[in-house]
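Asker: Please read through the structure below; I'll follow up with questions.
The values are calculated or read from the model by the stated rules, or taken from the named source; none is laboratory data. All of these numbers come straight from a predicted model, not from anything done at the bench. A quick note on method: Cβ atoms are made from the backbone with ideal geometry, for glycine too, and the neighbour counts reach across all protein chains shown. Remember, those area values only see protein heavy atoms, side chains included, never the ligands or the DNA or RNA. Shrake-Rupley method; radii C 1.70, N 1.55, O 1.52, S 1.80 Å.
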Amino acid sequence: MKKEIVETKYYTFNNFSLTSGKVLQKVTVAYETYGKLNEGKNNAVLITHAFTGDAHCAGYHEGDEKPGWWHAMVGKGKAFDTDKYFVIASNVLGGCAGTTGPEEINPDTGVSYGTDFPAVTISDMVKLQKKLVNFLGITKLFCVAGGSMGGMQVLQWAMDYPELIYCAVPIAATLKSTPQQIAFNEVGRQAIMSDVRWSHGHYYGGDEPDRGLAVARMLGHITYMSDYSMQKKFPIEQDKEKKAEFNFNADFEVEQYLRYRGSSFVKRFDANSYLYLSKAIDHFDVQKDEFLSEEKNADIKFLVISFESDWLYPPYQSENIVKFLKMKNQEVTYCNIHSTYGHDAFLLEVKDETHLIKNFLNKLHNEVFGGEKSEE
């Protein structure tokens, strides 16, 4: 099968105001699009990415062997069917994959921001996405969907711009971060900041804090899996003759795997972005504002999805989302998928997610477009 080659595009604009009150003089956002925007410009779907994701959601970059991170869900005939929808994916503010973040040049100093970069929130990320959507000429999104931190962005869209979305699919998400979730993020941050190469965030142009970032990723990856999935993936089979002998090399397969994940992660991600984005997740709390207030006249159709073995964002948190939405008189469909993959299930349970999302979107597609293909 021929690979679908896609290119990352960039949009730059000036004077972006943040929740903190600070202003970024210039902001660039990296994004990709798939499918065709119809004449009415009302078939657009925005895909929001998780913590360490990026704009490369589907298709292949020239020369790549692996496709985008949600390739199994985005494309012709897939959950987000590009025969029907114009799909947009962008890298979040504060990221390190083309969108402005800590490694960008500070116009006031002529060197990278580092930790002089202002704090960003999930709301700031969504505001930047809205700027991009406006730039593309879209006045209302058919759907916003995403998992984990992406699910938080979906809920933030519903809070900040409810009149601009028709339906929403938050997956493996929460209304607010819990102490346990914050604790895991803090250990990851401390691993980075304890690396002598971190240099208080001003390491650009020199040695980067790769060891600290690798450890942060190793910890994070443990939380993305489940006890069952780890036992299945890494069966412990030791040589009986050497049972009493060991050193501090990677004796077990799981150790080798985590070290590999850590070392490969530092090649594509920036340590300061890890700090900023994890803090944005920690401070996420859509309940603290007037979420879906009557004044905003919100009428959004929601599909909320969770996974049975997810212990990082467990099903009860999605159930809380459902209860909260129902109290706000929103139309909500909820499904807790049986899975042994843990939090990573939102990337792996393609068959069940496709069935749920495709049926959900098809029903609403028929309501909006009267059964006609959206591009016609």
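Asker: Taking the chain as a Gaussian network, Cα atoms linked when under 10 Å apart, which of Val111, Val87, Val45 shows the biggest mean-square fluctuation?
Answerer: Highest fluctuation of the listed residues: Val111.
Asker: Once phi is turned into ³J(HN,Hα) by the Karplus curve 6.51 cos²θ - 1.76 cosθ + 1.60 with θ = phi - 60°, what whole-Hz value does each residue of the range 125-131 show in order, with x for glycine and proline?
Answerer: Per-residue couplings from phi come out as 4, 5, 4, 5, 4, 4, 4 Hz.
Asker: Let me ask something else about it. Which FRET efficiency value, to the nearest 0.05, is calculated for Asp299 and Lys9 with the Förster distance at 41 angstrom and r the Cβ-Cβ distance? Display every interim value, and only then the final one.
Answerer: Numbers: r = 32 Å, r/R0 = 0.78.
Given R0 = 41 Å and the Cβ-Cβ separation, E is 0.80.
Asker: Check Gly59: other-chain or 5+ apart residues with amide H under 5 Å from its amide H, H built from backbone geometry?
Answerer: Excluding prolines and chain starts, which carry no amide H, the hits are Gly68.
Asker: Work out the FRET efficiency for Glu62 and Phe135 from their Cβ-Cβ distance, taking R0 = 25 Å, and round it to the nearest 0.05.
Answerer: Working: r = 25 Å, r/R0 = 0.98.
Computed FRET efficiency for Glu62 and Phe135 comes out at 0.50.
Asker: Taking 0.36 nm per intervening residue step and subtracting the Cα-Cα distance, what contour gain separates Phe252 from Thr28 on full extension?
Answerer: 76.3 nm
Asker: Then there's this: Just to verify a number: FRET efficiency for Thr19 and Tyr260, C-beta to C-beta distance, R0 = 35 Å, to 0.05?
Answerer: Details: r = 37 Å, r/R0 = 1.06.
That gives a FRET efficiency of 0.40.
Asker: Leaving ligands, DNA and RNA out of it, report the carbon-plus-sulfur percent of the accessible area of the chain at a 1.4 Å probe. Before the final figure, lay out the partial values.
Answerer: On the way: 9020 of 18070 Å².
In the chain, the share of accessible area belonging to carbon and sulfur is 50 percent.
Asker: Using only helices, what value at 222 nm comes out for the chain when you add -39,500 (n - 2.57) per DSSP H run of length 4 or more and divide by the total residues, to the nearest 500 deg cm²/dmol?
Answerer: Working: 10 runs with 125 residues, N = 376.
Computed mean residue ellipticity for the chain: -10500 deg cm²/dmol.
Asker: Using DSSP loop states and a limit of at most 10 other Cβ atoms within 10 Å to flag chymotrypsin sites (Phe, Trp or Tyr not before Pro), what is the longest stretch of the chain containing no flagged site?
Answerer: 1-245
Asker: Pop out the ³J(HN,Hα) list for the range 86-101 in order, Karplus 6.51 cos²θ - 1.76 cosθ + 1.60 with θ = phi - 60°, rounded to Hz; leave Gly and Pro as x.
Answerer: 9, 9, 10, 9, 9, 7, 6, 4, x, x, 9, 10, x, 8, 3, x
Asker: By how many nm would the segment from Val350 to Asp108 grow when fully extended, if each residue of separation counts as 0.36 nm and the alpha-carbon distance is taken off? Write down the numbers at each step before the final one.
Answerer: Details: separation 242, 0.36 × 242 = 87.12 nm, distance 4.60 nm.
Result: 82.5 nm gained on full extension.
Asker: Tell me the per residue accessible area of the chain using a 1.4 Å probe; a whole number in Å² is fine. Please list the in-between numbers first.
Answerer: Details: 18070 Å² over 376 residues.
Heavy-atom accessible area per residue stands at 48 Å².
Asker: Here is a further query. Give the cross-link partners of Lys84 among the aspartates and glutamates, using a straight C-alpha distance below 12 Å as the criterion and excluding same-chain residues fewer than 8 apart.
Answerer: Glu372, Glu375, Glu376
Asker: Read phi for every residue in the range 52-67 and hand back ³J(HN,Hα) as whole Hz from Karplus 6.51 cos²θ - 1.76 cosθ + 1.60, θ = phi - 60°, with x for Gly and Pro.
Answerer: With the stated coefficients, the range 52-67 comes to 10, x, 7, 6, 7, 7, 8, x, 10, 7, 3, x, 7, 8, 10, x Hz.
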